[in-house]
Every structure is written in C-alpha cells, then in structure tokens.
Amino acid sequence: MRPYPIVVGADGTDSSKKAVRWAAHEAQRRGLPLRVTHVFDWEWREARFDTSHGYLDLAREQAESITAGAEFEARVVARSLEIEGDPVIGHAGARLLQESEQAELMVLGSRGRGGFASLLLGSVSQRVATHARCPVVVVRGRGDATEGPVAVGVDDSPAADLVLETAFEAAAARGAALRVIRSYLPVIPLWLENVRAADVETPAADAEERANLDEQLAPWRAKYPEVPVDVVLTHDSAAAALVEASAQAQLVMVGSRGHGVIAGSLLGSAGLQLLQHAECPVYIVRPVARKS
C-alpha cells in the first residue's frame, strides 16, 4: 500500500516557501512522498460572462506556475524526493481540510496572501491547524532552524502519551535534545491571593509534580535512551513557557487538546498562542482520522 504523503499548502508567498522547504526535509527524513497543493479561486461574478474561459485559463496558468515553483523549492532541499503537485479550484481552507483526510502530516506557512499585514497568523492556517484530521505543522519564525532542542508541552491528560511519543520520535530523528515543559498551578494560601502563581515557591508540591512527570516520562526515556531530556516545571502558563522555549528550539510541539478548553474546541489555548507567537515551527499533535 502506498504511504500517505506529507501535504504542504503552497501559495507562492515567502511564508509558504519556508513551509515547502520544511515539509521537503521532513518528508525526506521520514521516507514519505510530498504532495504540493495550491488552491486557487477565481472571480465568479466576472467568470459568468466569460464564455471563452479566459479567466479560468489565466487562473489555472498562475496556479500551475505557483505549484511548479513550490516543487522546485522542494527539489532544492530534497533532490530524490517523490513529489507530486496539484493545483485545485476552491476555497483554500475547505480544500486543505479535505486534503488532510489523506495526509500523514499537513504543513502550512504562517501567513497567506490575504488579510492584514499586522496579523500574526493567516486565517487559512488557523482554520486548518484547528480542524485538520491529521497532525499539522505551521512553519513560522526560524523555519530553517536545525539547532536547539525539540520543546514539548505535556499535561497529564489521556492524550499525553501520543504527544510524548511524537516528541521523542522527532527529537531522535533530529539528533536533538528534548525539553519537556509541564505547567501547573500549585495550591496557594489565601493570604497570597494577590501574588502571581509563577512567583510563589512551593518546593514540596513541585517535588511531587516532578515525581509524577518523571514516572510519566520513564517508559519513553527507556525506549529512546539516546535522547537527552531536560524537564522544565513551571507555575507560569503553558503558552507563555512554550513561547519562551521556542526562542531556542528548532521545533515546539503541543497536543491538540488541553485542560480547560471549551467543549468542542479542537485546539487548546496553548496551541492557539503558539500559532500566533512562537519563534520556530509549531507542531500540533493529533491522531490521524481517516474517512472510511
């Protein structure tokens, strides 16, 4: 059976070129094919009166040029990679979500062609990262970083094992250290209610939390003994700690769900904050959900 590809969305922007190069490296590392997808829309109001199909032909020509350019970018970093390119008509968010149903991983740039320059994340990337049916990487900040650890935020939810498995695999494949970040709020005396939790020293509670985390990490450390592990325990928010870690990391990872999220949400607050502010690529870990 042919393996499912890594799918990368391409639109010709600098952001998408970084995403294509990152996706090509990752596909080569995993031994998977790469699928380059450019989704193009065209002006339907004018097209209704275009009996010669000139508007569609022009849009398709531009789309094929963008796709060919993305394939070239991928070949520069991975010459022997199996690559297919396919411009398709439609709305970018909807079509990329459809592509995610047959992808091993979806890779996107942090900004698209539309929107406002002041926005830190394009609307298409946010929609796909939030609702895709496979793991998603949004390439932002230092997209070509190959130095530094892989950073991962871990809680004690049932999804933590998948996050840890993915993080240890990523660190091992890159020959990198793994920085495991656990954010928790200790019980604070009422007379300290106006003090930030991050500033309160609770050595006994910290020791207990660290022991629980060490127990959670033990089987993964045994499976990946070559991966150095650095544990960071913080009273700060997971989002703040992970954004800070992204400044030195080559990849930052987080689960698609967290504690305290709104029912029905597919991405927790830490993930949303990372997509907006991280200084390196962000990997949203989630199970692959194939349509039968």
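Structural remarks
- Ranked by how many other Cβ atoms sit within 10 Å of their own Cβ, fewest first, the residues Leu162, Leu97, Leu274 fall in the order Leu162, Leu97, Leu274.
- Compared with the direct C-alpha span, the chain from Leu233 to Glu215 gains 5.1 nm at full extension, assuming 0.36 nm per residue.
- Gain upon complete extension [Leu56, Arg79; 0.36 nm per residue less C-alpha separation]: 5.1 nm
- Relative packing of 58-65, 240-247, which averages over residues the other C-beta atoms within 10 Å, highest first: 240-247, 58-65
- Here r is the Cβ-Cβ distance between Glu208 and Arg29 and R0 is 51 Å; the resulting FRET efficiency, rounded to 0.05, is 0.85.
- Taking label points 7 Å from Cα along the Cα-to-Cβ direction, Gln102 and Gln248 give a separation of 4.4 nm.
- Ranked by how many other Cβ atoms sit within 10 Å of their own Cβ, fewest first, the residues His91, His38 fall in the order His91, His38.
- Counting Lys and Arg as +1 and Asp and Glu as -1 over every other residue whose Cβ lies under 10 Å from the Cβ of Glu244, the net charge comes to -2.
Coordinate-derived values only; no laboratory data. Here the structure is a predicted model, which means the values were calculated and not measured. Heads up, the Cβs are rebuilt from the backbone with ideal geometry, glycines too, and the neighbour counts pull from every protein chain shown.
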